[in-house]
Amino acid sequence: MSIVMVKNVGVFDGSSVKNHQHFAFAGNPGNILSADSDPTSTIDGTGCTVIPGLIDAKIDSGVSPEILPLCSAFGITTVIDSSSSCAASQAMRTAATDEPALPSFLATGSAISSKNTSLPTTSNYGGLETITSADEAERVVENKISTQRADYVKVIADQPGLDSNLLSATVRAAHHHGKLVIAHATQARAYALAVDAGFDIISPVPVDGTLDPEVVQKIVARGIGIIPTLCFLKKSVGLWRIQNPEYDFSYAISAVRTLHHAGAIICAGTSANSSTDISVPFGQGLHDELHLLTTAGLSTLEAIRAATSQPTALFGLRDRGLVKAGYRADLVMVDGNPLDDINFLSKIRRVWVQGVAVNR
């Protein structure tokens, strides 16, 4: 087993950066090891900091395997797709396992929606599966998990769409199978419906008005995770306003400020995609998202957590997101102290996916 030793490097422990004379991890593939391991190779980390590999908690990949090495080159070692079709997601899973230095790929497959959904906010979805009853919700969810290998379940909560009974039935079905459920909600009303239906995660944030304070309180009390995708909303709202004049990006920034101030779980996701009019770049988009999150009130420390430990805890990825012995060696080494400047990701020196070096 190859063991890499990084000497004299700062290590981000989730709250601060501490200097380590020796930091070790195994490669091909491997986990983080104790500092007293015997190395087979050594790297001088003077002036640098090691942070956990980043997680983009919301992408729209389609069948685009070329985006995987691009993501890993930007320090993204895990991606979660909750917009692409089931077939596209399975193809991307296969592509992600073909090479050891590619990000982990997790996905919901096709989102569940009402039969007559024609919302502009869902135009970037690669496929939708419709339901009209609680029995159909159970069948669709079971097939999605058992046959289509969905890691999570995605449901469209925007209105007009599924009513509160069908939203709740779909959540119950997913929870029965032990899966987290993500609501797509760009409306303040849809947020209220999603919270009352029992969703675990909501994305993005409302762009048609402000959140009700009671809804915000419930989100915090129940530990519901929020993936704002501010980069995507900044691009998209202008197009959506053609049909919905009340939509405004300022509502999105306000929602993140309100949720963050209240103590909600905020995770970084981009909705990175290749659509002509609303494209968000893979890789670079997450760096832009972190900058927007700080604009909306998060500190640099909180933004880093939003792309590392927060999504791993929220999505149940217990083997990553922290630089800690026994965890996957999904690592990024950057110049300087990342807590000093949110633009630290422009200073990436090296990236490893489960201990395997990424060619940049």
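The values are calculated or read from the model by the stated rules, or taken from the named source; none is laboratory data. Because the structure is a prediction, the values reported are computed rather than measured. Here Cβ is always computed from backbone atoms with ideal geometry, including for glycine, and neighbour counts include all displayed protein chains. Keep in mind that these areas ignore ligands, DNA and RNA; they rest on the heavy atoms of the full protein, side chains included. Shrake-Rupley method; radii C 1.70, N 1.55, O 1.52, S 1.80 Å.
In table form, for the structure just shown:
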quantity: Exposure rank, largest accessible area first [102, 70; 1.4 Å]; calculated: 70, 102
quantity: Dipole magnitude of the chain, debye to nearest 20 (Cβ charges: Lys/Arg +1, Asp/Glu -1, about Cα centre); calculated: 360 debye
quantity: Surface/4 of the Cα convex hull for the stretch 214-345, nm²; calculated: 9.4 nm²
quantity: Dipole of the chain, positive end: most advanced residue of 209, 28, 249 [Cβ charges, Cα centre]; calculated: 28
quantity: Within the stretch 25-102: Cβ-based charge dipole about Cα centre, in debye rounded to nearest 20 (Lys, Arg +1; Asp, Glu -1); calculated: 220 debye
quantity: Heavy-atom surface of the stretch 16-108, accessible at 1.4 Å and reported per residue (Å²); calculated: 36 Å²
quantity: Burial order of peptide ranges 120-132, 148-160 (average beta-carbon count within 10 Å, highest first); calculated: 148-160, 120-132
quantity: Largest to smallest accessible area among 7, 144 [probe 1.4 Å]; calculated: 7, 144
quantity: Gap separating the Cα centres of the stretch 279-336 and the stretch 79-156, nearest whole Å; calculated: 23 Å
quantity: Translational diffusion of the stretch 1-97, µm² s⁻¹ [Kirkwood Rh, Cα pairs; Stokes-Einstein; 37 °C; 0.692 mPa s]; calculated: 213 µm²/s
quantity: Helix-only [θ]222 nm of the chain, DSSP H runs n ≥ 4, -39500 (n - 2.57) each, per residue, nearest 500; calculated: -9500 deg cm²/dmol
quantity: Per residue value of the accessible surface for the stretch 111-200 (all protein chains in place, 1.4 Å probe), Å²; calculated: 40 Å²
quantity: Heavy-atom surface of the stretch 231-360, accessible at 1.4 Å and reported per residue (Å²); calculated: 42 Å²
quantity: Portion, in percent, of the accessible area of the chain that falls on carbon or sulfur, probe 1.4 Å; calculated: 47 percent
quantity: Order of exposure, largest accessible area first, which applies to 66, 289 with probe 1.4 Å; calculated: 66, 289
quantity: Electrostatic dipole magnitude of the stretch 225-348 [Cβ: Lys, Arg +1; Asp, Glu -1; Cα centre; debye, to 20]; calculated: 280 debye
quantity: Solvent-accessible surface (1.4 angstrom probe) belonging to residue 13, in square angstrom, nearest 10; calculated: 60 Å²
quantity: Beta bridges per DSSP with both ends in the stretch 54-315, % antiparallel, nearest 5; calculated: 5 percent
quantity: Long-range lysine pairs (8 or more apart or interchain), the chain, Cα under 14 Å; calculated: 6
